[in-house]
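J.: First the structure, then my questions, so here it is.
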Amino acid sequence: MEDCLAKKMEITVSEAEKRTGRNAMNIQETYTAYLIETRAVESQSEGQCAPVDSLWRRYSEFELLRNYLSVTYPHIVVPPLPEKRADFVWHKLSADNMDPDFVERRRIGLENFLLRVASHPVLCQDKIFYSFLTQEGGWKEMVNETGFQLKADSRLKALNATFRVKNPDKRFTELKHYSDELQSVISHLLRVRARVADRLYGVYKVHGNYGRVFSEWSAIEKEMGDGLQSAGHHMDVYAASIDDILEEEEHYADQLKEYLFYAEALRAVCRKHELMQYDWEMAAQDLTSKKQQREELATGTVRTFSLKGMTSKLFGQETPEQREAKVKVLEEQIQEGEEQLKSKNLEGRDFVKSAWADIERFKEQKNHDLKEALISYAVMQISMCKKGIQVWTNAKECFSKM
Amino acid sequence: DASLTEVNSFSPSVPISPSSMMNQYKFEDGPELRDLFITVDDPESHITAIETFITYRVVTKTSRGEFDSSEYEVRRRYQDFLWLKSKLEEAHPTLIIPPLPEKFIMKGMVERFSDEFIETRRKALHKFLNRIADHPTLTFNEDFKIFLTAQAWELSSHKKQGPGLLSRMGQTVRAVASSVRGAVKNRPGMFTEMNDYMETFSQKINLLDKIAHRIYKEERDYFNEMKEYGPIHTLWSASEEDIADSLKGIASCIDRCCKATEKRMAGLSENLLPILHEYILYSEILMGVLRRRDQIQGELDSRVDALANKKTEKELFSEEIGKLEDKVERANNALKADWDRWKQNMQCDMRSTFTNVAENNLRFYEECLATWESFLASQTVDLHVEEDSEDRP
């Protein structure tokens, strides 16, 4: 069992601060900076608390880190970042990036991201990740020096481009379908949840109007007055209770959102496999055609139609020397091709093996996390029902005394 | 007033449960002492060349001597109820005649002649007749008796008798002509208080009606969104293995809460909304009653004013003045007694209606709570099973 970073180091994103500065194009902008605090976890016997190290990072640096990790470990389902812009908002929630509630939820999301990476058996060992947490200056340059951008396959970004892969690993094909389904169903769920939250808000808040009217009515009543007045107070309590309830639910929505974004990471791994398989198939195809060419030149038979063949027929055959030179070149290419094919094959098989190991790890994590999230949702509903019962029991008592 | 004292004495043989207490408040002569039982049911539609209309069956059971039979069954249409109401207003201008459902509700919630509309109206008509039956004075009104007992042709011939519409209109015009301002000046403080009360009450009840409708609308919108919410979880469960059961469980919980929301809405529309509407009508009725009292007093005052300068004629008209004074006194007393009765009933109605609203909401939350708790229990059982199996080598 690898000793991941999370066990050795306490990591928190403890604060968020608005900053202004100049960006790469020398234009003034406002952005939020996040304070990352780290502390080594001392063994119990030491009894002392290690000092806290801290540094500030902004969202774009987190993005750079994640890009680096995705390119460097293409076989890993890399944890996602919290959303860049507020999505799935219901009317009370702001879509503004500078809104304090959004910033707070993003802070929590960024902390979660770091903890995910730190507890991943492979990713936690990465030096760039470690420096992200500990090295204030020069980190960006360090990342760029790794030259990871060159390794990035631009085709991975073109998510919609299809590659005709003849023999993909079926598991990856299924997994890609699953990630598409997961993405679609979770975004649908989040959209409807936002609408449900909006409506629920409306129901609760309208009850608040009772309070004022009951109070005004109680002024003209003698016997009913007290009951009305106190019932009105409980209606105010009821109306106010929805704010906390829905705030809690936002955290549940964020848990689901993480897996919405995880679906993309999953798809990226499947994509990588597809591309590797495609490259291998193309290379194999190329090798086969070169071998065929060699055969034709060697035996003099033309199996396949080629323009060269036709022109040589029209303008005369090649000399044997010319033919031999060609064959030699082909032989070299074929040998190169066979070596390349072998290494690509090995690469592909390694990739499949290590990717599938991480996918199994991810599946377990996902099942565990989502089940917990669903249970926490039930717990929230129970709490909401209990609050409702309390308020309406009190209100009933007041009404019965009218 | 014998009926009022009945309310305050509880016979020891009657168990004092909250509902029986409320019954004794609701019906002047407790349920055991009622001698007139009326039901309105069985709406039937009639189509003629000229019009389409609905009749309702009115069944009366009674032990009263003045009724020839102990049971009657007649059919009445809305027009007939309108006739009855106007006859009662005519005979007892300062009594509080119960509200009739309006001719046609334009609130856009229901269509004319839809089942919902007919049922709402039937319930309101049933309440109307029973409130009259419970009223200590109105219950003995002759037109009321005819309404309950006469066959269709008897009723229409009876309707044609009596002072016509024009003469009634003439009366009101004269009453308005006699200075109403004077009536307000000489109005006893008690009735000014009533007027002020009714103005505020009317305002508040209208606001409550708006609020209640708004709540209904919000609950309906919430229900519509919830309907979509549950099935998404079921859809998701189709792609999953490990968490499929949890997802299906959540879906079923949401669906159950959805149904509970429907019940909650029904509770509002069956209980709170109709009562608030009735009391909106009541506040109009009461303002009308106060106005009519003012008019009666106005008749007296204007007569007195007119004769103020004619000292000699005063003697001649003293009988007339005396009659008018009696009329005013009777009207004031009738109104005062009916007002007290109305207030008591209103308090009772409001208490029971809002208590019902609270109970409705309690039922809703209790049902949802049970649903989610049983889901949670099923999930934690699974967790414990998983933990146990992990412990084994």
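The values are calculated or read from the model by the stated rules, or taken from the named source; none is laboratory data. Note that the structure is a prediction, hence the values are computed from the model and not measured. Every residue, glycine among them, receives a Cβ derived from its backbone with ideal geometry; neighbour counts consider all protein chains shown. Protein only, heavy atoms only, side chains kept; ligands, DNA and RNA dropped before computing areas. Shrake-Rupley method; radii C 1.70, N 1.55, O 1.52, S 1.80 Å.
J.: Would you jot down the residues in segment A:379-397 that end up with at least 40 Å² less accessible area in the complete protein assembly than in the chain alone, with a 1.4 Å probe?
T.: Buried on complex formation: A:Ile382, A:Cys385, A:Ile389, A:Trp392, A:Lys396.
J.: Sticking with this one: Leaving out same-chain residues fewer than 8 places away, which aspartates and glutamates sit with a Cα under 12 Å from that of A:Lys140?
T.: A:Glu61, A:Glu63
J.: Taking θ = phi - 60°, what integer Hz values does the Karplus form 6.51 cos²θ - 1.76 cosθ + 1.60 yield along segment A:69-85, in sequence order, with x for Gly and Pro?
T.: Once θ is set to phi - 60°, the couplings for segment A:69-85 become 5, 4, 6, 6, 10, x, 8, 9, 7, 6, x, x, 8, x, 4, 6, 10 Hz.
J.: For segment A:193-244, which trypsin sites (Lys or Arg not before Pro) are both in a DSSP coil and crowded by at most 14 other Cβ atoms within 10 Å?
T.: Details: sites: A:Arg193, A:Arg195, A:Arg199, A:Lys205, A:Arg212, A:Lys222; in loops: A:Lys222.
Filter output for segment A:193-244: A:Lys222.
J.: With a 10 Å cut-off between alpha carbons and a GNM built on chain A, which of A:Pro51, A:Pro121, A:Pro168 moves the most?
T.: Fluctuation is largest for A:Pro51.
J.: How much solvent-accessible surface does B:Ile232 expose, in Å² to the nearest 10, with a 1.4 Å probe and all protein chains in place?
T.: 0 Å²
J.: By a straight-distance test (C-alpha under 17 Å), which lysines pair with B:Lys263 as possible cross-link partners, with residues fewer than eight away in the same chain excluded?
T.: B:Lys263 reaches B:Lys217, B:Lys227.
J.: Given a cut-off of under 8 Å on Cα pairs at least six residues apart, what relative contact order in percent is computed for segment B:189-391? List each step's numbers first, then the result.
T.: On the way: 112 pairs, mean separation 56.7, N = 203.
Computed over segment B:189-391, the figure is 28 percent.
J.: Over chain A, with a Gaussian network built from C-alpha contacts below 10 Å, which listed residue (A:Arg271, A:Arg107, A:Arg294) shows the highest mean-square fluctuation?
T.: Residue with maximal mean-square fluctuation among A:Arg271, A:Arg107, A:Arg294: A:Arg294.
J.: Then there's this: Quick one: which of B:Lys87/B:Lys185; A:Lys257/A:Lys386; B:Lys85/B:Lys145 span more than 22 angstrom between C-alpha atoms?
T.: Values: B:Lys87/B:Lys185 30 Å; A:Lys257/A:Lys386 27 Å; B:Lys85/B:Lys145 13 Å.
Distance filter (> 22 Å) returns B:Lys87/B:Lys185; A:Lys257/A:Lys386.
J.: With charges only on Cβ, +1 for K and R and -1 for D and E, what is the dipole size of chain A about its Cα centre, in debye, rounded to 20?
T.: Working: 58 positive and 65 negative charges, 287 e Å.
The dipole of chain A has a size of about 1380 debye.
J.: Read phi for every residue in segment B:255-262 and hand back ³J(HN,Hα) as whole Hz from Karplus 6.51 cos²θ - 1.76 cosθ + 1.60, θ = phi - 60°, with x for Gly and Pro.
T.: 5, 5, 5, 4, 4, 4, 5, 4
J.: Loop only by DSSP, 14 or fewer other Cβ within 10 Å of the Cβ. Give me the trypsin sites (Lys or Arg not before Pro) in segment B:42-99 that pass, ordered by residue number.
T.: Values: sites: B:Arg57, B:Lys61, B:Arg64, B:Arg75, B:Arg76, B:Arg77, B:Lys85, B:Lys87; in loops: B:Arg64.
Answer in residue order: B:Arg64.
J.: Let me ask another. Step through the table entries B:Lys127/B:Lys336; A:Lys170/A:Lys291; A:Lys8/A:Lys353; B:Lys103/B:Lys343; A:Lys396/B:Lys103, compare each Cα-Cα distance with 32 Å, and write down the pairs that go over it. Provide the component values of the computation, followed by the final result.
T.: On the way: B:Lys127/B:Lys336 23 Å; A:Lys170/A:Lys291 29 Å; A:Lys8/A:Lys353 28 Å; B:Lys103/B:Lys343 26 Å; A:Lys396/B:Lys103 34 Å.
Violating the 32 Å limit, Cα to Cα: A:Lys396/B:Lys103.
J.: Equivalent ellipsoid semi-axes for chain A, as square roots of 5 times the alpha carbon gyration tensor eigenvalues: give them largest first, rounded to whole Å. It would help to have the intermediate numbers written out before the result.
T.: Numbers: eigenvalues 767, 148, 77 Å².
The answer is 62, 27, 20 Å, longest axis first.
J.: Could you work out, residue by residue across A:174-185, how many beta carbons of other chains sit within 10 Å of that residue's beta carbon, and then give the average as an integer? Intermediate results must be reported in sequence, preceding the final value.
T.: On the way: counts 0, 0, 0, 1, 2, 1, 1, 5, 3, 0, 3, 9.
Mean shielding count: 2.
J.: Summing both sides, how much accessible area is buried between B and A? Use a 1.4 Å probe and give Å² to the nearest 100.
T.: Values: alone 23350 and 24440 Å², together 42440 Å².
The buried area between B and A, both sides summed, comes to about 5300 Å².
J.: Taking θ = phi - 60°, what integer Hz values does the Karplus form 6.51 cos²θ - 1.76 cosθ + 1.60 yield along segment B:37-50, in sequence order, with x for Gly and Pro?
T.: Residue by residue, segment B:37-50 yields 10, 10, 10, 10, 8, 6, x, 9, 9, 10, 10, 10, 5, 8 Hz.
J.: With a cap of 10 neighbouring Cβ atoms within 10 Å, and only residues DSSP puts in a loop, list the trypsin sites (Lys or Arg not before Pro) found in segment B:270-301. Can you show the working numbers first?
T.: Details: sites: B:Arg291, B:Arg292, B:Arg293; in loops: none.
Sites meeting the loop and neighbour criteria: none at all.
J.: Right, here's the next one. Where the only charges are on Cβ atoms (+1 Lys, Arg; -1 Asp, Glu), what is the dipole of segment B:189-391 about its Cα centre, to the nearest 20 debye? Display every interim value, and only then the final one.
T.: Working: 26 positive and 42 negative charges, 397 e Å.
Computed about the Cα centre, the dipole is about 1900 debye.
J.: At 1.4 Å probe size, with the rest of the protein present, what percent of the exposed accessible area of segment B:189-391 is carbon and sulfur atoms?
T.: Numbers: 4650 of 9490 Å².
Heavy-atom surface of segment B:189-391 belonging to carbon and sulfur, 1.4 Å probe: 49 percent.
J.: Which aspartates and glutamates, on any chain, are close to B:Lys204 with Cα under 15 Å apart, when same-chain ones fewer than 8 places away are left out?
T.: A:Glu216, A:Glu221, B:Asp196, B:Glu278, B:Glu284
J.: Quick one: grab the alpha carbon gyration tensor of segment B:189-391, order the square roots of its eigenvalues as a ≥ b ≥ c, and give me rounded if a/c is under 1.5, else prolate or oblate depending on whether a/b is larger than b/c. Please report the intermediate quantities before stating the final value.
T.: Details: a/c = 7.49, a/b = 4.56, b/c = 1.64.
Cα axes put segment B:189-391 in the prolate bin.
J.: Oh, and also: Average partner chain C-beta neighbours within 10 Å, per residue of A:208-218?
T.: Values: counts 1, 7, 7, 0, 2, 8, 3, 1, 4, 8, 1.
Average per residue, whole number: 4.
J.: Quick check on packing: order B:185-198, B:330-343 by the mean number of other C-beta atoms within 10 Å, highest mean leading.
T.: Details: B:185-198: 14.5, B:330-343: 17.9.
Top of the packing list down: B:330-343, B:185-198.
J.: Once every DSSP H run of n ≥ 4 in chain A is given -39500 (n - 2.57) and the sum is divided by its residues, what mean residue ellipticity at 222 nm do you get, rounded to the nearest 500 deg cm²/dmol?
T.: -24000 deg cm²/dmol
J.: Longest segment of chain A with no chymotrypsin sites (Phe, Trp or Tyr not before Pro) in a DSSP loop having at most 16 other Cβ atoms within 10 Å? Please list the in-between numbers first.
T.: Numbers: sites that count: A:Phe163, A:Phe305.
Counting only loop sites that pass the neighbour cut-off, the longest clear stretch is A:1-162.
J.: I would also like to ask the following. Accessible area of chain A with a 1.4 Å probe: how many percent of it is carbon plus sulfur?
T.: On the way: 10970 of 21750 Å².
It is 50 percent, rounded to a whole number.
J.: Give me the 1.4 Å probe accessible area per residue for segment B:36-147, excluding ligands and nucleic acids, in Å².
T.: Result: 50 Å² per residue.
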